[in-house]
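First up is the structure itself, then whatever we jot down about it.
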Amino acid sequence: MPPISRGFRGRRREDAPSDRVPPGQYVTDDFPVLSAGPTPHTPLDEWDLTITGEVDGLRRWTWDEFRALPSEPVTVDIHCVTKWSKLDSEWEGVSLDTLLEGVDTSAEYVVAFCDGGYTTNLPLDDLTEGKAWIAFAYDGEPLDPEHGGPARLLVPHLYFWKSAKWVRGLRLGATDEPGFWEQNGYHNYGDPWKEQRYWGD
């Protein structure tokens, strides 16, 4: 298993408004790349996105079908567990509300699964009501593979490891199932304003 990084050294900004920067974070204009393994490069004609688990039926979109869904620009602050924050990051993506529209489920939890075997867990409530997207563009350009392209989960109110790169699906369930980093020392929920970085925080 790769080591858990507890910090990142980058170019700091000293002019950031304190009410937008959680405790223990510093603001950078950089966009550091931190991954647990090699970067997947899935051809778009082989890519799909699925919603599975405790649902009334499998939902699946090819890349073309996914890109035909309504999308929206999103400008958000993001906060990495390794202590950097980036303000006013600009994305485009499909809201999880759009993807989950019409899905009948009693599930309360979600596991996001990704190319490369990565997983992360979230309460379903943290993905709905305008709180999460499947992002396919960053700063007006297609999302680079190094940053999770062709598509990644974007859940900006939680630490950025919850915004899983290279996302390929969501599995809905009745019980919480810790994902990759959650099984290896990171907090199960990851609220940056409560500094929920590691087990016991």
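Out of the residues in the stretch 91-107 that are among the charged types (D, E, K, R) and surrounded by 14 or more Cβ atoms within 10 Å (Cβ to Cβ), state the one that is nearest to Gly173 (Cα to Cα).
At the first step, the residues of the stretch 91-107 found to be among the charged types (D, E, K, R) are 92, 97, 101, 104.
Of the ones still in play, those that are also surrounded by 14 or more Cβ atoms within 10 Å (Cβ to Cβ) are 92, 97.
Details: Glu92: 27, Asp97: 17 Å.
Checked the stretch 91-107; the qualifying residue nearest to Gly173 (Cα to Cα) is Asp97.
For a quick check of your reading: which strands (runs of 3 or more DSSP E) sit entirely within the stretch 40-129 and have at least 2 residues that are over 30 Å from Val27 (Cβ atoms)? Explain how you work it out, then say what you get.
Details: elements: 48-53, 59-62, 72-79, 84-95, 109-114, 119-123.
Fully inside the stretch 40-129 and qualifying: 48-53, 59-62, 109-114.
Which ones in the stretch 135-175 are of a type in the set (A, V, I, L, M, F, W, C) and part of a loop (DSSP other than H, G, I, E, B)? It would help to see each step written out before you state the result.
First, the residues of the stretch 135-175 that are of a type in the set (A, V, I, L, M, F, W, C): 135-137, 143, 151, 153-155, 158, 160-161, 164, 166-167, 170, 172, 174.
Matches in the stretch 135-175: Leu143, Ala151, Val155, Leu158, Ala164, Trp166, Ala174.
Taking Gly200, is it in a loop (DSSP other than H, G, I, E, B), buried (at least 17 other Cβ atoms within 10 Å of the Cβ) and among the small types (Gly, Ala, Ser)?
Details: in a loop (DSSP other than H, G, I, E, B): yes; buried (at least 17 other Cβ atoms within 10 Å of the Cβ): no; among the small types (Gly, Ala, Ser): yes.
The answer is no for Gly200.
Within the stretch 1-34, take every residue that is closer than 25 Å to Gly149 by Cβ and among the hydroxyl-bearing types (Ser, Thr, Tyr) and give me the one that is modelled with the highest pLDDT.
Thr28
Per-residue answers, yes or no, for (1) surrounded by fewer than 23 Cβ atoms within 10 Å (Cβ to Cβ); (2) among the hydrophobic types (A, V, I, L, M, F, W, C); (3) in contact with a Leu (Cβ under 9 Å, 6 or more places away or on another chain):
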site: Asp88; (1), (2), (3): yes, no, no
site: Tyr109; (1), (2), (3): yes, no, yes
site: Gly116; (1), (2), (3): yes, no, no
site: Leu122; (1), (2), (3): no, yes, yes
site: Asp125; (1), (2), (3): yes, no, no
site: Ala137; (1), (2), (3): yes, yes, yes
site: Gly140; (1), (2), (3): yes, no, no
site: Ala151; (1), (2), (3): no, yes, yes
site: Trp161; (1), (2), (3): no, yes, yes
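Does Gly148 qualify as being more than 30 Å from Pro43 (Cα to Cα) and small (Gly, Ala, Ser)? Step through it out loud before you land on a result.
Values: more than 30 Å from Pro43 (Cα to Cα): no; small (Gly, Ala, Ser): yes.
Taking the combined requirement at face value, the residue does not satisfy it.
Taking the criterion of being touching a residue at least 24 places away in the same chain (Cβ under 8 Å) and farther than 19 Å from Asn188 by Cα, would at least one residue in the stretch 118-127 satisfy it?
Taking the stretch 118-127 and keeping what is touching a residue at least 24 places away in the same chain (Cβ under 8 Å), we get 118-124, 126-127.
Cutting the leftovers down to farther than 19 Å from Asn188 by Cα gives us none.
Checked against the condition, which is being touching a residue at least 24 places away in the same chain (Cβ under 8 Å) and farther than 19 Å from Asn188 by Cα, the stretch 118-127 yields no hits at all.
Can you spot a residue in the stretch 91-100 that is touching a strand residue (DSSP E or B) at 6+ places or on another chain (Cβ under 8 Å) and under 15 Å from Gly190 (Cβ atoms)?
Taking the stretch 91-100 as the starting set, the residues that turn out to be touching a strand residue (DSSP E or B) at 6+ places or on another chain (Cβ under 8 Å) are 91-96, 99-100.
Right, trim to under 15 Å from Gly190 (Cβ atoms) and you get none.
Within the stretch 91-100, none of the residues are touching a strand residue (DSSP E or B) at 6+ places or on another chain (Cβ under 8 Å) and under 15 Å from Gly190 (Cβ atoms).
The values are calculated or read from the model by the stated rules, or taken from the named source; none is laboratory data. From a predicted model like this one, the values you see are computed outputs, not experimental measurements. No Cβ is skipped: glycine too gets one built from the backbone with ideal geometry, and neighbour counts run over all protein chains shown.
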